[in-house]
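The values are calculated or read from the model by the stated rules, or taken from the named source; none is laboratory data. The shown structure was predicted, so the numbers you read here are calculated from the model rather than taken from an experiment. Here the Cβ positions follow ideal geometry from the backbone for every residue, glycine too, while neighbour counts run over all protein chains shown. To get the accessible areas, we keep the full protein, side chains included, count just its heavy atoms, and leave off ligands, DNA and RNA. Shrake-Rupley method; radii C 1.70, N 1.55, O 1.52, S 1.80 Å.
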Amino acid sequence: MADRMDERNMQDYQKVLLLTAHLFEYPDAVWWQELPDCRRALREIGDSRASAVFGDFLSFVEETGAKEYEDLYVRSFDFSQNTNLYLTTQERTDFGKQSQEMHRYKAFFLENGLDMPNQLPDYLPALLELAASLPPGKAGKVLQSIRPRVELLRTRFIEAKLPHAFLLDIVLTETAGLEVKP
């Protein structure tokens with residue numbers, strides 16, 4: 001985490017998206033070891049609202065503890081069809097549409113010289129990392145394309161009472177800030 005956020009001249013949206021992507025990753029031992037880096041990264045984010053949300057989320061994670069948070073993560077993202085982090089699974093009845101979306105997401109990576117051979121291209125953290133790696137206009141296009149899925153996921157997080165909904169609020173705020181004006 002620290003090595004991805006160490007670049008001082010990164011724009012705020014990049015820092016926010018990278019931190020959000022990291023926080024949505026599986027909380028393995030390395031993830032827990034990097035939590036202090038996440039706290040330090042907060043000082044690099046100029047948006048005080050985003051910093052406060054990240055701070056509150058990190059406090060929740062730390063107070064919850066490794067075992068309980070991992071259980072919450074697995075129940076929420078691995079065992080729930082409604083709240084998993086793969087965006088094309090939200091409409092499980094239209095596999096043709098799901099396939100088209102998957103190809104569109106894969107094209108985002110390939111068009112920008114990236115490939116995710118070990119990850120499905122509709123995985124939210126991967127898409128956030130992609131957007132963070134792009135200049136503002138291109139990042140805005142990627143985020144705008146996933147916005148309806150992120151909004152639906154946010155609604156489902158709220159219904160499930162998941163604190164991760166606040167992280168999606170930050171993503172949606174960054175999306176609005178990077179909107180491509182015609």
Original post:
From the residues in the stretch 1-37 that are surrounded by fewer than 17 Cβ atoms within 10 Å (Cβ to Cβ) and polar (S, T, N, Q), which one is modelled with the highest pLDDT?
Top reply: Gln33
Original post:
Of the residues in the stretch 153-182, how many are part of a helix (DSSP H, G or I), under 14 Å from the mean Cα position of the chain (by Cα) and over 24 Å from Met116 (Cα atoms)?
Top reply: 7
Subject >> Residues that are farther than 16 Å from Leu87 by Cβ and among the basic types (Lys, Arg), drawn from the stretch 136-182 >> reply: Lys138, Lys161, Lys181
Original post:
Based on what the data block shows, is Arg104 more than 21 Å from Ala165 (Cα to Cα) and basic (Lys, Arg)?
Top reply: yes
Original post:
Does Thr83 meet the test of being of a type in the set (Ser, Thr, Tyr) and over 24 Å from Leu134 (Cα atoms)?
Top reply: yes
Original post:
Do you know which residues across the stretch 38-65 are farther than 21 Å from Leu18 by Cβ and open to solvent by 50 Å² or more (accessible area, probe 1.4 Å)?
Top reply: Glu63
**OP:** Read through the list (1) at pLDDT 95 or above; (2) among the polar types (S, T, N, Q); (3) part of a loop (DSSP other than H, G, I, E, B), then give the number of the only condition that Ser59 fails.
**Re:** (3)
Original post:
Does at least one position in the stretch 164-182 carry a residue that is over 15 Å from Leu17 (Cα atoms), buried (at least 17 other Cβ atoms within 10 Å of the Cβ) and not acidic (Asp, Glu)?
Top reply: no
Original post:
Taking the stretch 61-90, which residues are closer than 18 Å to Leu127 by Cβ, of a type in the set (A, V, I, L, M, F, W, C) and touching a helix residue (DSSP H, G or I) at 6+ places or on another chain (Cβ under 7 Å)?
Top reply: Leu85, Leu87
Original post:
Any idea how many residues of the stretch 134-151 are without any contact (Cβ under 8 Å) to a residue 24 or more places away in the chain and either under 13 Å from the mean Cα position of the chain (by Cα) or loosely packed, with under 15 Cβ neighbours inside 10 Å (or both)?
Top reply: 3
Original post:
Does the stretch 96-106 contain at least one residue that is open to solvent by less than 70 Å² (accessible area, probe 1.4 Å), within 21 Å of Arg49 (Cα to Cα) and either part of a helix (DSSP H, G or I) or touching a Gly at 6+ places or on another chain (Cβ under 8 Å) (or both)?
Top reply: no
